[in-house]
Amino acid sequence: METNTAFLSIDEGNLTSAFETAGETLDGEPEQFGVDLSCVRRIDSAGLNAIQDFAHRADEKKVKVVLRGVNANVYKMLKLARLTRHFLFAN
Amino acid sequence: MIATELNERAQVPLPAEGPTAERIAYLESLVGQAKIAAAVFTQFTQEDVDRIVKAMVLAGLEQAQHLAHLAVEETRVGVVEDKVIKNMVASEFVYSYIKDKRTVGIIREIPERNLLEMAEPIGVLFSLTPITNPTSTVLFKCIVAVKTRNAVIFSPHPKAWRCCAEAVRIMYETAVKHGAPEGVFTCVESPTLVDNAYMMHHKDVGLIDATGGPGVVKAAYSSGKPALGVGAGNTPVYLEKSADLNTAVVDIIISKTFDNGTICASEQTVVIDDEIYEAALKKFADLGAHICNEKETKLLERTVIDPQTGFMQPMAIGQKAADIARFIGLSVKANTKLLIAPIHGVGREHPLSVEKLFPVLAVYRAKSVPEALRVCIDVNHAGGLGHTAVIFSRNEQVIREFGNVINAGRIIVNSPGAIGALGAVYNDLVPTFSFGCGTGGGNSTTDNVNIYHYLNIKRVARRTQTHMWFRVPNQIFFNMNAVENLGQFPSRTTIIVTNPALEHIGHVDIVRRHMCPKTHVHVCVIPDAEPEVNVIEQGVEALSFYKADQIIALGGGSIIDAAKIMKLKYESPEADLEELAAPFLDLRKRVIEYPKEKVNRARLVAIPTTSGTGSEVTPFAVLTDKQRGRKVTLADYSLTPDVAIVDPQFVMSMPKSLTADTGIDCLTHALEAGVSNYASAYTDASAMQAIRLVFRYLPIAYGNPRHEEARCMMHNAACIAAMAFSNASVGVNHALAHAFGARFKVAHGKANALILPHVIAYNAAVPTKFMPSPYTQGYVAHKKYATVADLLGLGGQTVQEKVEKLIGATEQLLDQLGFPRSIAELGITKEEFQRAIPEMVKAAFDDPSWRSNPRMPLIEELVELFWKAYAGRGAAKQAVDETQAV
């Protein structure tokens, strides 16, 4: 069965805007959304807020979001912000 | 901080309803911001936070005056000039303390303990700040929070909200400008008790940092959240007659008038020695204090203390002395700095003995040091427990006594209480604006709160390579005629401890022949049984009477044990054998220490006449206390003989049964030491060699008792095995054998033999419960047995096969030596054995021998092992088949 999946690869420099744009992509209601964060080593407050908004939007749309390549520091930060429950994580 | 805070912020009953939905949304937005900021903060490096902190400190210094003006304007409490100093101390002095401290990642390495300490931020802090030190407390907390990568939600005292909000704004803007996460500080607008209660219970708040009165502290601690609650004080001061009066009076005035006495560590009641009382008051008066007469004191009591609550009146807090005087109608000079009121006791009937955060000071005239200390203790207990106390004295003994009897986190000596307690100015205390008051003040700490209270400190504890040991007598002589070496040990008087039989067959004469010619020799003949207390006493009497400088123990384990204990009591008559036998888990950490001071000294030479116990090289001795019906086992390396002479000529006449019993005891020692959790390469070498010698020579010595080589090798094997178990200990086999042997009067070697194959199978299987041991890497008992099998050339491919071969070889050896195959064969009925099981299992479990066993025996397993031994040898093989291989 074919799945309707969207992908996004993110650089540290464009993280906030990329997640904001990704939020709009969710309007197309893909079944699954994959985000590659392997190039992201550090996230600022604006970035984390953008991820939080994106997560809530994805929840509303019932879109499964898979984060790929999340390093331990970023994962810990997402955990502290109580955001990990919104995502699936892949290596 | 103060009772008014308590009244306003915590003692007022909470409204039954929580915040409105709108208010909740607002409070949630603050927590949400702080949560994100705290999460982002975790990515910051030490350099990042240090850069931000420096900028914040500079901003604090720059804005110190601005914030001081705001604080005084808004609160009408304190002195602008002093608040400027407070703001600067909160910035600069705190910075000086924290700037080089590590608060990110690894904060301390302790290589000698194999420890790393690492910092983990707390996350979101909810912080209540006081009216008395509003802006300085905010500056302090902001700086410390950034240094430790935490976000803070402030809830200032409502009457100091504007100045605190301004301080938060300055800190926040500076921090964010220099890279701190947005939302790192927020300030609750128009905070209420309901808001505070909501925040204190919020799941995303990691720590409540409450600086305020006892009510605030109690509310914080009652929330169920981790909290730093820092509350009220009532500082007693002892002005002792040896003090430098001029310095003391000036210091007290500095402190009590600083910011009009608003620092909760400031002096409240000064207890002055009678001899200097008048001089002290004159000095106070000369320097601008007004000394109240009795009528004026009564007026003060009625006005500045609330007669209902017994606490200070809020209107007086932080006001000038002259203003207070004017307000209550007391006539004083316009430049009066301080109102001093003599009091005659402490408590409700002496209203001025409580905390007074304004320049009113109580004084008490004490007739003696004990009286002065009693009054200081009373003040300390009248609302000041755990907080601060001050002493002015040059008498070190009095200072220490004061420190001992006063319960205060800060005991300030010869310096101003308020500024001294803040730290880093008059002393080396950690600078702070939050004084921990310990349990006396309902707090979790007595520390000056600083960075380390804002951190979770993680300790990375690496496995340490525990020191081990291999301790044996200084000199061991072995092989035939080794006794000739006795001649090299000069002695004026020697006592030979032996038994009647050995004297009878001429062994004592052999020994005498080889001693130094001029030695006076006395023979102490004792029964050949585990030594009893009276036997030891007789021996010690003989040693003392003859002033012996050498003891020769000639005999089996019991004789040598007796000589060890005689030596102990001879050298240290005060030694309490009962106490020395106290149980222990680790020899190096035992509670009881063996005596080091000795009134006599004697060399102990052990000459064994059996080949099994190895007592000639062990640090153990067993004593029977018949009066109390118990055995006492002593264990300490100081009991180890100084010289061992392992001469097989003394065992050539051993009967066959004794040869078998002692030989199997030796084998059990070696096998148990080999798999012991305390085994080392040193003990392994001894254990393996002893096992090899036993398997080769014991059957020969048993079958042909006059076989010189076999006797010699078995005698060596016993000594070598004892060297192994002296340092690696034994195991569960011995625990079971001790219990069974004692209950059914079965010889120790025979008891060991009946159990040994079952214990090998038991230790070789997957343990139900592993024994914690820092000495071993993983579970290796089965592999050790396999190594033994290889050493003996028993064959087998897998570890399990090798273990089975070893059990088989052991059973074969036991058969060769004529041991019964089961406990049942001893004629003990099943019912009789069943009845004895509870007592034997209890005794076995109490026995320290199994503490080094590789597998931790469960009580039900001890029962099972007893029954396997009862059933007989086939059960051991069956046990291996049934258990899962490791």
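Somewhere in the stretch B:544-553, is a residue of a type in the set (K, R) and crowded, with 19+ Cβ neighbours inside 10 Å?
Scanning the stretch B:544-553, I find no residue that is of a type in the set (K, R) and crowded, with 19+ Cβ neighbours inside 10 Å, so the answer is no.
When A:R82 is evaluated against the numbered criteria (1) within 14 Å of another protein chain (Cβ to nearest Cβ); (2) in a helix (DSSP H, G or I), which criterion, by number, is the only one it fails?
(2)
Among the residues that make up the stretch A:28-37, is at least one of them within 30 Å of B:H202 (Cα to Cα) and either surrounded by fewer than 20 Cβ atoms within 10 Å (Cβ to Cβ) or more than 14 Å from chain B (Cβ to nearest Cβ) (or both)?
No, the stretch A:28-37 has no match at all.
Could you pull out the residue among B:K218, B:K225, B:K241 that is basic (K, R) and assigned to a helix (DSSP H, G or I)?
Criteria check complete, one pass: B:K218.
Tell me, which strands (runs of 3 or more DSSP E) wholly within the stretch B:452-535 include 2 or more residues that are charged (D, E, K, R), in contact (Cβ under 8 Å) with a residue 40 or more places away in the chain and more than 23 Å from B:N716 (Cα to Cα)?
B:455-461
Pick from B:T269, B:T247: which is in contact with a helix residue (DSSP H, G or I) (Cβ under 6 Å, 6 or more places away or on another chain), farther than 30 Å from B:S155 by Cβ and either touching a residue at least 40 places away in the same chain (Cβ under 8 Å) or of a type in the set (K, R) (or both)?
B:T269
Please give the strands (runs of 3 or more DSSP E) falling wholly within the stretch B:18-135 in which 1 or more residues are within 14 Å of another protein chain (Cβ to nearest Cβ) and among the aliphatic types (A, V, I, L, M). Spell out the reasoning first.
Values: elements: B:106-110, B:115-121, B:124-129.
By residue number, B:115-121, B:124-129.
Considering only residues of the stretch A:39-79 that are among the acidic types (D, E) and more than 13 Å from chain B (Cβ to nearest Cβ), which is surrounded by the fewest Cβ atoms within 10 Å (Cβ to Cβ)?
Within the stretch A:39-79, the match that is surrounded by the fewest Cβ atoms within 10 Å (Cβ to Cβ) is A:E60.
Listed residues B:R113, B:R108, B:R169; which is in the same structural domain as B:Y221 (by TED's automatic domain parsing), touching a residue at least 40 places away in the same chain (Cβ under 8 Å) and not hydrophobic (A, V, I, L, M, F, W, C)?
Working: B:R108 fails: touching a residue at least 40 places away in the same chain (Cβ under 8 Å); B:R169 fails: touching a residue at least 40 places away in the same chain (Cβ under 8 Å).
None of the other options fit; the residue is B:R113.
Filter the stretch A:26-40 down to the residues that are assigned to a helix (DSSP H, G or I) and within 10 Å of A:A58 (Cα to Cα) and list them by number.
First pass over the stretch A:26-40, keeping only residues assigned to a helix (DSSP H, G or I): A:26-28.
Correct list: A:L26, A:D27.
Just checking, which of B:I691, B:I645 is under 15 Å from B:S611 (Cα atoms) and part of a strand (DSSP E or B)?
None of the other options fit; the residue is B:I645.
Please enumerate the residues belonging to the stretch B:392-431 that are of a type in the set (K, R) and either under 22 Å from B:L245 (Cβ atoms) or at pLDDT below 95 (or both).
Within the stretch B:392-431, B:R394, B:R400 meet the criteria.
State yes or no: is B:M171 more than 15 Å from B:T211 (Cα to Cα), out of contact with any helix residue (DSSP H, G or I) (no Cβ under 6 Å at 6 or more places or on another chain) and not polar (S, T, N, Q)?
no
Within the stretch B:850-886, restricting attention to residues that are of a type in the set (S, T, N, Q) and buried (at least 21 other Cβ atoms within 10 Å of the Cβ), which residue is modelled with the highest pLDDT?
From the stretch B:850-886, those of a type in the set (S, T, N, Q) are B:852-853, B:878, B:883-884; that's our starting set.
Applying the additional criterion that residues be buried (at least 21 other Cβ atoms within 10 Å of the Cβ) yields B:852-853.
Numbers: B:S852: 92, B:N853: 96.
Going through the qualifying residues, I end up with B:N853.
Which of the residues spanning the stretch B:303-337 are over 27 Å from B:A71 (Cα atoms) and without any contact (Cβ under 8 Å) to a residue 12 or more places away in the chain?
Scanning the stretch B:303-337 gives B:Q308, B:S331.
Could you tell me how many of the residues in the stretch B:264-302 are buried (at least 16 other Cβ atoms within 10 Å of the Cβ) and of a type in the set (D, E)?
Going through the stretch B:264-302 one residue at a time, the tally reaches 4.
If we keep just the residues of the stretch B:483-497 that are closer than 26 Å to B:I536 by Cβ and of a type in the set (S, T, N, Q), which is surrounded by the most Cβ atoms within 10 Å (Cβ to Cβ)?
B:T494
Which residues, counting only those in the stretch B:241-263, are among the acidic types (D, E) and crowded, with 23+ Cβ neighbours inside 10 Å?
B:D251, B:D259 - these are the residues of the stretch B:241-263 that are among the acidic types (D, E) and crowded, with 23+ Cβ neighbours inside 10 Å.
Residues that are under 30 Å from the mean Cα position of the chain (by Cα), at least 3 per element: which strands (runs of 3 or more DSSP E) completely within the stretch B:335-413 meet that?
On the way: elements: B:338-342, B:360-366, B:386-392, B:408-413.
Because the criterion is at least 3 residues that are under 30 Å from the mean Cα position of the chain (by Cα), the strands (runs of 3 or more DSSP E) in the stretch B:335-413 that meet it are B:386-392, B:408-413.
Taking the stated definitions as given, is B:G179 more than 41 Å from the chain's Cα centre (by Cα) and closer than 15 Å to B:F41 by Cβ?
So B:G179 passes the test.
Of all residues being touching a Ser or Thr at 6+ places or on another chain (Cβ under 8 Å) and in a loop (DSSP other than H, G, I, E, B) in the stretch B:175-211, which is farthest from the other protein chains (Cβ to nearest Cβ)? Just the residue, please.
This residue is B:P191.
The values are calculated or read from the model by the stated rules, or taken from the named source; none is laboratory data. Since we're looking at a predicted model, the values are computed, not measured. For neighbour counting, all protein chains shown are included, and Cβ atoms are generated from backbone atoms with ideal geometry for every residue, glycine included.
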